1. I want to verify a result. In a Gaussian network model of the chain, Cα cutoff 10 Å, which of these has the top mean-square fluctuation: Cys273, Cys184, Cys11?
2. About its Cα centre, what dipole magnitude does the stretch 194-244 give when the only charges are +1 on Lys and Arg Cβ and -1 on Asp and Glu Cβ, stated in debye to the nearest 20?
3. Placing +1 at every Lys and Arg Cβ and -1 at every Asp and Glu Cβ, with all other atoms neutral, what dipole size does the stretch 9-62 have around its Cα centre, in debye to the nearest 20?
4. Bin width 20 Å, origin at 0, all Cα-Cα pairs of the chain: what percent of pairs per bin?
5. Given the DSSP H assignment, sum -39500 (n - 2.57) over each helix run of at least 4 residues in the chain and divide by its residue total; what's the result at 222 nm in deg cm²/dmol, nearest 500?
6. Within the chain, what's the longest run with no GluC sites (Glu not before Pro) in a DSSP loop and at most 13 other beta-carbon atoms within 10 Å? Give the range, please.
7. When the chain is modelled as a GNM with alpha-carbon springs shorter than 10 Å, which of Ala30, Ala276, Ala71 fluctuates the most?
8. Let me spell out the model: positive unit charges on the Cβ of Lys and Arg, negative unit charges on the Cβ of Asp and Glu, origin at the Cα centre of the chain. What dipole size does that give, in debye rounded to 20?
Amino acid sequence: MKKQIGFGSLCVQEPEERRYTRPHQLPIYAASSFAFDSIEQGMEVFLGNQPGHIYSRFGNPTIDAVAEKIAQLESHGLQMEASGLLTSSGMSAISTLLLGLLKSGDGILTQGNLYGGTTALFRDVLQPLNIRFHAANLIRLDQVEQLLKEHKDIRLLYYETPANPTLDCFDMAALAELGHKYNCIVVADNTFATPYLQQPFQFGADFVIHSTTKYLNGHGNSTAGAIVGKDKGLMQEAVLPKLKLLGTNCNSWDAWLIHNGLKTLEIRMERHCRNARHLAQWLDQHPKVERVNYPGLPAHPSHATAKRQMKDFGGMLSFELKGGLEAGKQFMNRLKFCTLTPTLGDVDTLVLHPASMSHISVPQEVRRQYGITDGLVRISTGIEDIEDIIADVEGAIG
Ligand SMILES: *Cc1c(COP(=O)(O)O)cnc(C)c1O
């Protein structure tokens, strides 16, 4: 019989681990630290000679399992291995990776129509640290090469494809080839496409980042990010130390929610794509719609590029309503079934009017430069019955 301990001690004591039960599903390790059997074992784990966990900011069984799953998905079917890290958000995935790879005096080459938070990070956080960025139209490979030639400081090429909210797609293989020719590390934000639709590693990227908040979780109930790299050494020596010291690690609960979401990624993406294609075709015929941006439509300028590097055309689309700002606002207010929200990639249909929501504080001329016109509406097509989505959009267009 075990020695009787005091009531207070019993309150504090952890139950003995039940080694005879094996959970069928990934458990949530809410532990902030991990115990060692002996000082010798502890030393081996600290030295990295033996697998094991130390402290959850450095890694944790739940978090690591999900990071590894995302790395496997990004490299699935490719002749390569990748390693992954989970972070507290998509933004922290980007900041951790870039602070791990770049130093003062280094430059970034990227596109003008990046996710708004990423542009602000480059401008307000990295630029004051003397990590400058140059924006180009990444469709124009001649402009990209010109900038790479002119600015010797550029060490990293960073892209998002399809781009927000016009769904322009960039030739990933050509960008990686140019980037590598000028000694740049190539980083892809694969949030919009997910590894189901495209694997930037297949087209030469060195790192892939995700806001898992979007499609990978898919249910709108977790905020997190992921960094995946094919150079294990760089991940271990350049990226992981920054994650540990900046404290940008994910937590087990969010990791677990991503894990739940990932199980249905393939079937969700199939349905997202099918619904978006139907909706795009329907909108394309509508007399009050000026233009539809969906790479799956043969008339979209990026159709050929998307077809070459994507398995399908994704769940995101945008369209231009005739009637400008007022038409856009009226449309939003008339929606009953779809939700007005700035996020994307959830199972339900989400609608954003950039001119009055995400880009409200961006001057009109700047917005227009990136195709964000007043009547532009962005839809993250959900997996509901397409008839219900179309009926709501039809009613809102009026
Ligand atoms: C949402 C998003 C981010 C930022 O991710 P958070 O999880 O909100 O921090 C970065 N890139 C893209 C393309 C996004 O859509």
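Read-outs throughout are calculated quantities, based only on the coordinates presented, and are distinct from any laboratory measurement. These numbers come from a predicted model, not from an experiment. Positions of Cβ are backbone-derived with ideal geometry, glycine not excepted, and every protein chain shown enters the neighbour counts.
1. Its mean-square fluctuation being the largest, the pick is Cys11.
2. Its charge dipole is roughly 120 debye.
3. So the magnitude is around 260 debye.
4. 26, 53, 18, 3, 0
5. It lands at -10500 deg cm²/dmol.
6. Longest site-free region, per DSSP loop and neighbour criteria: 82-398.
7. Among Ala30, Ala276, Ala71, the largest GNM mean-square fluctuation belongs to Ala30.
8. That gives a dipole near 220 debye.
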